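So the structure is just underneath, and the comments pick up after that.
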Amino acid sequence: MSYVPSLITVAIVLALLYAGMNLGWRWASRRFLLPCPSWLSWSLEGGFVDWWTATQRTLDRIGMAPGDHILEVGPGPGRLLIPAAARVRPRGAAVGLDVQPGMIERLQQRGAEVENLSVQVGNAESMPFAAESFDIVYMAMVLGEIPHREQAIAECFRVLKPGGRLSITEMAVDPHFQSRATVTRLAKTAGFAEPRIIGRPWSFTGNFRKPISKT
Ligand SMILES: C[S@@+](CC[C@H](N)C(=O)[O-])C[C@H]1O[C@@H](n2cnc3c(N)ncnc32)[C@H](O)[C@@H]1O
């Protein structure tokens, strides 16, 4: 007697496989550098993605202003960084640092006309910037992809000006999602103060201040 799986069975098996893959990826990312691959950059572009991931609302929550010198860690193809560059004009500058050359290439193509945008290949765990360079350092759906998160947050602290702001956005659609408690704990451990969490537990932005003086 042959067995023909129903559509529901197939859907459940596929969902379990997908969940298992994501859990495995999440687990492995704590040990190895396994970023969202560059060939998936298309999944972070376009009007539907902007709506789905609330790009403009995220930028509002990060809270940049004209004249700010900002750094996005892990910008991918520039979903947030390209409109962010427009928000800090005039006089402000936007910098993107991504560990994958393929993501940076795509960002360069998409942001070719943006005058105040510069991008660089590099690792969040060891940033190629001088201390106290930026007013705002932000990241979205990136923290969980970084094996040594503490080191990356310490680097954010180093490159921020005193009084500058670290902003971390997390969304539960991301397999590497980090909770509000984890984000707050990591930021506080690195020396950040004045935690301000905006949003729901499954989609939020955490803003933290680098104290003017460490004493
Ligand atoms: C899921 S994508 C998010 C892209 C973008 N932030 C957004 O929200 O549309 C994660 C990005 O972080 C980058 N990334 C992962 N680990 C990194 C690291 N250690 N240093 C710098 N970038 C990293 C990946 O290459 C990828 O472009």
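The values are calculated or read from the model by the stated rules, or taken from the named source; none is laboratory data. For clarity, every value in this text was computed on a predicted model and none was experimentally measured. All Cβ positions, glycine included, derive from the backbone under ideal geometry; neighbour counts span all protein chains shown. For the accessible areas, the whole protein counts, side chains as well, though only heavy atoms, and no ligand, DNA or RNA atoms are used. Shrake-Rupley method; radii C 1.70, N 1.55, O 1.52, S 1.80 Å.
For the stretch 73-215, with only Lys/Arg (+1) and Asp/Glu (-1) charged at the beta-carbon, what is the dipole magnitude about the Cα centre, in debye rounded to 20?
580 debye
Per residue, how big is the convex hull around the C-alpha atoms of the stretch 116-215? Give it to me in cubic angstrom, could you?
106 Å³
From the C-alpha coordinates alone, can you work out the Kirkwood hydrodynamic radius of the stretch 63-193, in Å? Before the final figure, lay out the partial values.
Details: mean 1/r = 0.0682 Å⁻¹.
It works out to 14.7 Å.
Regarding the stretch 167-212, what are the three Cα extents along the principal axes, ordered largest first, in Å?
Its Cα atoms span 35, 17, 13 Å along the three principal axes.
How much accessible area per residue does the stretch 24-77 have, counting only protein heavy atoms and a probe of 1.4 Å, in square angstrom?
Roughly 53 Å² per residue, with all protein chains present.
With helices defined as uninterrupted DSSP H runs, which ones in the chain have an alpha carbon span along their own long axis of at least 18 Å and mean Kyte-Doolittle hydropathy of at least 0.5?
7-29
List the trypsin sites (Lys or Arg not before Pro) in the stretch 79-144 that DSSP assigns to loop (not H, G, I, E or B) and whose Cβ has at most 14 other Cβ atoms within 10 Å. Which are they?
Arg91
Roughly to the nearest percent, how much of the accessible area of the stretch 125-210 is carbon and sulfur, given a 1.4 Å probe?
After summing per-atom areas, the C and S share lands at 52 percent.
Charges at C-beta only: +1 for Lys and Arg, -1 for Asp and Glu. How large is the resulting dipole of the stretch 120-163 about its Cα centre, in Debye rounded to 20?
For this selection, approximately 60 debye.
At a Förster radius of 45 Å, what calculated FRET efficiency corresponds to the Cβ-Cβ distance of Ser179 and Val121, to the nearest 0.05?
0.95
As a check on your grasp of the helix formula, calculate [θ] at 222 nm for the chain: sum -39500 (n - 2.57) over DSSP H runs of n ≥ 4, divide by the residue count, round to the nearest 500.
-11000 deg cm²/dmol
Considering all projection directions equally, how large on average is the shadow of the alpha-carbon convex hull of the stretch 18-119, in square nanometres? Before the final figure, lay out each step's value.
Working: hull surface 28.4 nm².
Averaged projected area of the stretch 18-119's Cα convex hull equals 7.1 nm².
Determine the gain in length on full extension of the stretch Thr9-Ala28; use 0.36 nm per residue of separation and subtract their C-alpha separation, reporting nm with one decimal.
Going from the current span to full extension adds 4.0 nm.
Please sort 17-23, 131-137, 29-35 by packing, taking for each peptide the average over its residues of neighbouring beta carbons within 10 angstrom, highest first.
131-137, 29-35, 17-23
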